[in-house]
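Derivation of every value follows stated rules applied to the coordinates shown; laboratory data play no part. Quick caveat: nothing in here was measured; it's all calculated off a predicted structure. Every residue, glycine among them, receives a Cβ derived from its backbone with ideal geometry; neighbour counts consider all protein chains shown.
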Amino acid sequence: MFRRRRKNESLGLPHSDARRRAKTWGWLATSGLGLVAAVAGQLPALAAVSWSHDYGFSFAKLQHMAGDGVAVITLVCVSTPVQVGLLFWFARLRSSSAVEYLALTLPRKRDMVVLLLSAAVLFAASDGLSWLLGQNVVTPFQDDIYRSAASAGAQVWLWLAVVVVAPIGEETLFRGFLFRGWQRSSGDAWIAIGTTAFLWAIVHVQYDSLVIGEILLAGLALGWVRWRTRSTISTILLHSLLNAVGMAETYFQLRR
C-alpha cells in the first residue's frame, strides 16, 4: 500500500509544480471534500455509539460519551475507516495514485532524526508549560476515558484507538488531503501548515484552552514535519508517539 517516494519528487509529489497543480483539488474543493469525509465518518460512528450505549439520538445524552472510554473507542474505530476510505476515493478521482496524492510515502532514514528531535521538543514544551502553570500533565479527559475503559476491561482497545487508529485518521485528513490541496506552491507552505494546525486544534473541543493551545503548537510541528519530510507517514508516526506518551503518563498516574 505504502510506497517509497520517487527521487524526482517535488514538494512531496512526483510531478512538476505545474502538473501537480493541475492534478490537485483546489482550495474550495479540498475544503468541501475534507468536510464531507469528516462528517460522513462521524455519522455512522455516532449512530454506533448511540446504539451500543443506549444513548438514543438525544444530543444531551450523547454529551455523556465525552468521558466514556468505550464510547471513544467506538467513535474512533468506526469513523476512521469511513473517513480514510472517502479521502482515498477523492484523491483517486484527481490522481492516478491516491497513495502519492496523500503523500503516504515511507520517510527516509535521515527523516527519523527529524521525527525524534521534534518529539523531544514537543514533549519538553508541553509538559514544561503545564508544570510552569501548575497544571497536571494528564487532563481530566484522559483520566476519565482511561478509568472507564479500564473498568470495562478495554484498555488494550483504548490504546489501539488512541495510538494507532486516531493518528491515521487525523493525519490522513489534515496533513494528507487538506495539506496537499492547500499547499499550492513551495512559497505558501506555512499557510497550509498554519491552517491545518488551527483546524486540528479547534476540533479538540474536549480540552480546555491551555491544552488546545498546546495542540496548536503540536499541529504546527506536525505540519512542518510533513513539509520537511514530504511524507504523511512521518506525521502519523510522530502523532502516534505523542499519543503513546500521553497514554503512558495517564497509566502511571492512575497507578500511584
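What does the charge count near Gly246 come to, summing +1 for each Lys or Arg and -1 for each Asp or Glu among other residues with Cβ under 12 Å from its Cβ?
Counting the neighbours of Gly246, the net charge comes to -4.
Label points 7 Å out from Cα along the Cβ direction at Val121 and Ala152: separation in nm?
3.8 nm
Hey, got the dipole for segment 109-194? About the Cα centre, +1 on K and R Cβ, -1 on D and E Cβ, debye to the nearest 20?
Dipole magnitude for segment 109-194 comes out near 300 debye.
Please list, ordered by chain and number, the residues whose modelled amide H lies under 5 Å from the amide H of Thr105; skip anything fewer than 5 residues away on the same chain.
Distant-sequence amide H within range of Thr105: Thr232, Ile233.
Quick check: the angle from helix 69-94's long axis to the longest principal axis of the chain, C-alpha only, nearest 10 degrees?
10 degrees
Positive end of the dipole of segment 175-242, charges at C-beta (+1 Lys, Arg; -1 Asp, Glu), about the Cα centre: which of Gly219, Ile193, Ser231 has its Cα farthest in that direction?
Comparing the listed Cα positions along the dipole, Ser231 ranks first.
Helix-only mean residue ellipticity at 222 nm, the chain, DSSP H runs n ≥ 4 weighted -39,500 (n - 2.57), per residue, nearest 500. What is it?
-22000 deg cm²/dmol
Evaluate the relative contact order of segment 13-254 (contact order divided by residue number), counting alpha-carbon pairs under 8 angstrom at least 6 apart; express in whole percent.
27 percent.
To the nearest 20 debye, what is the magnitude of the charge dipole of the chain about its Cα centre, counting +1 on the Cβ of each Lys and Arg and -1 on the Cβ of each Asp and Glu?
For the chain, the charge dipole is close to 1480 debye.
Residue by residue, what Karplus-based ³J(HN,Hα) values in Hz, rounded to whole numbers, does segment 101-118 have, using 6.51, -1.76 and 1.60 with θ = phi - 60° and x for Gly and Pro?
4, 8, 6, 8, 10, 5, x, 6, 4, 5, 5, 5, 5, 4, 4, 5, 5, 4
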